[in-house]
């Protein structure tokens, strides 16, 4: 078959991928006070359905839904006592499941914490999300262990952590162990997703067998933190392997992602950082023997100027802005400026960009209504969905179960 | 008659994963696709049911160390699929069975409160516990729970979850853009719970949900179970009794222990087979039962009690002439053990088989294949209604042998008759599951004292 000439841009191998990270009223701490914000609706289905529908209008690959087991805090190591910022949130897997039936194409990727939860539950929850979204599920793995998280479960003693201690060998060891545990966790989840072969269900009336038990597999994982026998109670999900993503800021998480993830979110603050991080991640990917199998996305926290007459319309006031710190680069500017940055990252070899809207819904509607058309005009971004699964959007095949005999 | 007519509570139980689901029927659909769950839930809502109900099993059943291959298996996570169903239903309660042994209060309370928010107040939790190390093989903490601690765990788990759900007051979120105040108090969500099973503290992330607390269901007929049910326990309880006299005695007992008028609701499970005539229904019932319990299936069902291999015994012959093995490790794993005392159960079954001249398969059908309501739609409606009006229960959790469309004919043919009698709503009156069940709202939660 000869591809249509007009499809040239769309079938380009260097297609840019775009995701959006959704959290509360947006990533600016005072976002909830902006005119269009709906701070009283943050816990409603309508709020989240609206955001996902908007992201889907922009043809985005997927939306991540942020989460943490601990309550939001300006202090990363402990709950704070502030009353002037958004506090309280829903379970992200729940949000993703609720919006899945009312969207059609966009991938839904909730954050799941690995430190205190059960890999068996997570495997079936994300597999179920893949069923209810008919193949659009992913998960963003987050290691925990900080900020009083252990006391919420009361099952394990973890060291108290603060910024002063962060560089001590004990804490470095602790952090490394949390990532080792996360690596085991992802391994278990992935094995469980494969534990039913695609052809396990046979419904063979003659022999009275619903399944062929030889096509179901124990995973028999034994590790330092947990042992899991398997198989899963949930049949293999539509995508086979839902998308596994992680956010990383240092070598240890890069290594985890290089070995286990499909997508890694990184936070370069400038061009030099973008090059340095790209090279380091690619070395880790090569060391893991997974060349070309990890998509690298740069995270950008964006405030888009949409109204030249009132450039600060969507921006929270100055006082609140002093709190506006982020692990990711904060970009405020015109659609052209932000598109330039994205194009530069893409030229540096980044597979995609995950945008964290500073203010919701304003920055999201600016992304879908203005930034996406600009990127399309530059031939960087799709003009329609060409796949119905999340793996498909990213050009990833549906893998065969590791247990399928060859 | 001074007694007002009771409104029948109806739940739809989508089974899918057990011997009673007939997968060989040409109309049998997927047990896992979302379309299946959507069909069944929307049918239940069309029939003005109170709620939709899902069971749970955390390990695939095994027989003699091998995965059992005869029954439908493969199910989704209940809370996740119910949260998705909230998008395609409007009034239907959404009740998940979730194990208190292999979950932690903090995490589960978050998931259920999230379901309550995202469904606009329609969440429910059927609390179960298990103590088997077999299921524990899939979890970090293994099979750590002694059988004797099951009710302690359930009770403490529920108390901890309720403290978490109450940790935010109704009015803790101010969200005043002008003043910049989001929270009314700096420690919203603070909690601390200490008991034999749990010692937890911190701040809960999910603000007060529309129902305040999800509706709680519980099964259990032991005396600890009954005490738990009647105390601060559940809003509804499963009754295992289907004969009117036994059911009435259970109903009276639960209500007396409770002392709270109208709570907990008492709900037995029930299945049905309809026919245009009674004879049709009986014949159809016979066919369905034989499809549910094959000769091979009958052997396996009896193996749950005999605890040994019965495959050599002819299903169409007499009961096995060997004794149950009470010493060996479980022959069948991952199935709720209904019959605790095997020798006693076998002795009873031998009597039943002898009196009725039952074969092995017929005995299995008699014991495991019961369908409570068989008849014309009018007969079934009459019996359901009479059972409730005479205080055998407050309603039923209705299942079908056919996934997912088996419930359709109940909705189309029996529901209108119940509505004609004034025993079932014709429109939903409220918006929450508590509203559906006639349970009082838990509003007016005020800011608790600082922990």
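The values are calculated or read from the model by the stated rules, or taken from the named source; none is laboratory data. A quick note: this is a predicted structure, and the numbers were derived from the prediction, not measured. Heads up, the Cβs are rebuilt from the backbone with ideal geometry, glycines too, and the neighbour counts pull from every protein chain shown.
Inspect all residues belonging to segment A:223-245 and state whether any of them is free of Cβ contacts under 8 Å to residues at least 24 places away in the same chain, over 19 Å from the mean Cα position of the chain (by Cα) and within 13 Å of chain B (Cβ to nearest Cβ). The answer is yes, given that some residue of segment A:223-245 is free of Cβ contacts under 8 Å to residues at least 24 places away in the same chain, over 19 Å from the mean Cα position of the chain (by Cα) and within 13 Å of chain B (Cβ to nearest Cβ). Checked against (1) over 18 Å from the mean Cα position of the chain (by Cα); (2) within 10 Å of chain B (Cβ to nearest Cβ); (3) part of a loop (DSSP other than H, G, I, E, B), residue A:74 passes all but condition (2). Being in contact with a strand residue (DSSP E or B) (Cβ under 9 Å, 6 or more places away or on another chain), in contact (Cβ under 8 Å) with a residue 12 or more places away in the chain and either within 7 Å of another protein chain (Cβ to nearest Cβ) or surrounded by fewer than 22 Cβ atoms within 10 Å (Cβ to Cβ) (or both): is that true of residue A:32 here? Yes; evaluated as a whole, the condition is true for this residue. Taken over segment B:14-34, the residue count meeting the criterion of being under 16 Å from residue B:96 (Cβ atoms), more than 9 Å from every other protein chain (Cβ to nearest Cβ) and out of contact with any strand residue (DSSP E or B) (no Cβ under 7 Å at 6 or more places or on another chain) is 1.
Checking each residue in segment A:44-71 for being assigned to a helix (DSSP H, G or I) and within 9 Å of chain B (Cβ to nearest Cβ) picks out A:45, A:48, A:49.
Residue-level analysis places residue B:131 outside the set of residues that are more than 10 Å from chain A (Cβ to nearest Cβ) and within 25 Å of residue A:68 (Cβ to Cβ). Before we move on, is residue B:115 facing another protein chain (nearest Cβ under 7 Å), under 30 Å from residue A:88 (Cβ atoms) and either assigned to a helix (DSSP H, G or I) or touching a helix residue (DSSP H, G or I) at 6+ places or on another chain (Cβ under 6 Å) (or both)? Yes. For segment B:88-97, a residue qualifies if it is more than 7 Å from chain A (Cβ to nearest Cβ) and not in a strand (DSSP E or B), and the qualifying residues are B:89, B:90, B:91, B:92. Among residues that are surrounded by fewer than 24 Cβ atoms within 10 Å (Cβ to Cβ), closer than 30 Å to residue B:195 by Cα, in contact (Cβ under 8 Å) with a residue 12 or more places away in the chain and within 12 Å of chain A (Cβ to nearest Cβ), residue B:143 is included.
Among the residues making up segment B:375-386, those that are in contact with a helix residue (DSSP H, G or I) (Cβ under 7 Å, 6 or more places away or on another chain), surrounded by fewer than 24 Cβ atoms within 10 Å (Cβ to Cβ) and more than 18 Å from residue B:50 (Cα to Cα) are B:375, B:376, B:377, B:378, B:379. Looking only at segment B:230-240, residues that are more than 17 Å from residue B:11 (Cβ to Cβ) and either part of a helix (DSSP H, G or I) or at pLDDT 90 or above (or both) come to 1 in all.
Applying the selection to segment B:31-54, what residues are buried (at least 18 other Cβ atoms within 10 Å of the Cβ) and part of a loop (DSSP other than H, G, I, E, B)? Of everything in segment B:31-54, those that are buried (at least 18 other Cβ atoms within 10 Å of the Cβ) and part of a loop (DSSP other than H, G, I, E, B) turn out to be B:31, B:32, B:47, B:48, B:49, B:50.
Rundown of residues vs (1) within 14 Å of chain A (Cβ to nearest Cβ); (2) modelled with pLDDT of 95 or more; (3) more than 24 Å from residue A:206 (Cβ to Cβ), yes/no style:
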{"position": "B:280", "(1), (2), (3)": "no, yes, yes"}
{"position": "B:295", "(1), (2), (3)": "yes, no, no"}
{"position": "B:303", "(1), (2), (3)": "no, no, no"}
{"position": "B:313", "(1), (2), (3)": "no, yes, no"}
{"position": "B:333", "(1), (2), (3)": "yes, no, yes"}
{"position": "B:338", "(1), (2), (3)": "no, no, yes"}
{"position": "B:360", "(1), (2), (3)": "no, yes, no"}
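When segment A:112-132 is filtered for residues that are at the interface with another protein chain (Cβ under 8 Å from one of its Cβ atoms), in contact with a helix residue (DSSP H, G or I) (Cβ under 7 Å, 6 or more places away or on another chain) and part of a loop (DSSP other than H, G, I, E, B), the ones remaining, listed by number, are A:116, A:117.
Of all residues in segment A:203-218, one or more are part of a loop (DSSP other than H, G, I, E, B), touching a residue at least 40 places away in the same chain (Cβ under 8 Å) and over 15 Å from residue B:140 (Cβ atoms). Do you know which of the residues in segment B:191-212 that are more than 7 Å from chain A (Cβ to nearest Cβ) and under 24 Å from residue B:118 (Cβ atoms) is surrounded by the fewest Cβ atoms within 10 Å (Cβ to Cβ)? Per the criteria, the residue is B:212.
Residue-wise test of (1) under 18 Å from the mean Cα position of the chain (by Cα); (2) away from chain A (no Cβ under 11 Å); (3) modelled with pLDDT under 95.
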{"position": "B:36", "(1), (2), (3)": "no, no, no"}
{"position": "B:44", "(1), (2), (3)": "yes, yes, no"}
{"position": "B:47", "(1), (2), (3)": "no, yes, no"}
{"position": "B:52", "(1), (2), (3)": "yes, yes, no"}
{"position": "B:57", "(1), (2), (3)": "yes, no, yes"}
{"position": "B:60", "(1), (2), (3)": "no, no, yes"}
{"position": "B:67", "(1), (2), (3)": "no, no, yes"}
{"position": "B:71", "(1), (2), (3)": "no, no, yes"}
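Might you let me know whether segment B:79-87 holds any residue that is under 18 Å from residue B:215 (Cα atoms), surrounded by fewer than 23 Cβ atoms within 10 Å (Cβ to Cβ) and either within 8 Å of chain A (Cβ to nearest Cβ) or touching a helix residue (DSSP H, G or I) at 6+ places or on another chain (Cβ under 8 Å) (or both)? Taking every residue of segment B:79-87 in turn, none turns out to be under 18 Å from residue B:215 (Cα atoms), surrounded by fewer than 23 Cβ atoms within 10 Å (Cβ to Cβ) and either within 8 Å of chain A (Cβ to nearest Cβ) or touching a helix residue (DSSP H, G or I) at 6+ places or on another chain (Cβ under 8 Å) (or both). When segment B:103-112 is filtered for residues that are closer than 22 Å to residue B:131 by Cβ and within 7 Å of chain A (Cβ to nearest Cβ), the ones remaining, listed by number, are B:104, B:106, B:107.
Results for (1) under 30 Å from residue B:9 (Cα atoms); (2) within 14 Å of chain A (Cβ to nearest Cβ); (3) under 23 Å from the mean Cα position of the chain (by Cα), shown as yes or no for each residue.
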position: B:265; (1), (2), (3): yes, no, yes
position: B:277; (1), (2), (3): yes, no, no
position: B:289; (1), (2), (3): yes, no, yes
position: B:300; (1), (2), (3): no, yes, no
position: B:307; (1), (2), (3): no, no, no
position: B:326; (1), (2), (3): no, no, no
position: B:345; (1), (2), (3): no, no, no
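Filter segment A:83-111 down to residues that are more than 7 Å from chain B (Cβ to nearest Cβ) and in a loop (DSSP other than H, G, I, E, B) and give me whichever is surrounded by the most Cβ atoms within 10 Å (Cβ to Cβ). Checking each candidate, the answer is A:106. Note on segment A:354-406: enclosed helices (runs of 4 or more DSSP H) holding 1 or more residues that are closer than 23 Å to residue A:294 by Cβ are A:372-377, A:390-393.
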